[in-house]
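The values are calculated or read from the model by the stated rules, or taken from the named source; none is laboratory data. All values derive from a computational prediction rather than experimental measurement. Using ideal geometry, Cβ is built from the backbone for each residue, glycine included, and neighbour counts are taken over all protein chains shown. Accessible surface is based on the protein model in full, side chains and every heavy atom, while ligands, DNA and RNA are left aside. Shrake-Rupley method; radii C 1.70, N 1.55, O 1.52, S 1.80 Å.
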Amino acid sequence: SFEIALARSNMTLTVPAGRTILEVMREAGIDMPSSCEQGACGTCLCSVIEGEPDHQDVYLTQAEKKSGTKIMTCVSRAKSARLILDL
Ligand code: FES
């Protein structure tokens, strides 16, 4: 599992194995749009302020993935113990 800290919502959530960032955020009442939920459409994109994403999507370019500044919340996870998201 890993933590997500939502900077603007002032909230920290735990994403366990087998759950997605998107699911955990929605359970906490965060209104996050999504469509494909397979990492392909780009709808669930979120900006990353701090931490290292573990990209599982096919939407971001290699350069975007390398920059670590964006994450697709429906499929991607974290390599670091914590991600700080701009939400
Ligand atoms: Fe389509 Fe996440 S909902 S990429």
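Per residue, the average separation of C-alpha pairs within less than 8 Å and at least 6 apart gives the chain a relative contact order of 38 percent. Residues whose amide H falls under 5 Å from that of A78, counting only those 5 or more places apart or on a different chain, are D54, with hydrogens built in the peptide plane.
What you get for the chain, charging only the Cβ of Lys and Arg (+1) and of Asp and Glu (-1), is a dipole of about 140 debye around the Cα centre. Summarising the strand pairing of the chain, around 75 percent of its internal DSSP beta bridges are antiparallel. May I ask for the distance between the Cα centers of segment 55-87 and segment 9-32, given as a whole number of Å? What the calculation gives is 15 Å, centre to centre.
Averaging 1/r over each pair of different alpha-carbon atoms in the chain and inverting the result gives 12.5 Å, the Kirkwood hydrodynamic radius.
Using just its DSSP H runs of length 4 or more, each adding -39500 (n - 2.57), the chain gives a mean residue ellipticity at 222 nm of -3500 deg cm²/dmol after division by all residues.
Rolling a 1.4 Å probe across the protein heavy atoms gives the chain an accessible surface of 54 Å² per residue.
Taking all protein chains as present, what is the carbon and sulfur share of the accessible area of the chain, in % to the nearest whole number, probe 1.4 Å? Carbon-and-sulfur percentage of accessible area, whole number: 45.
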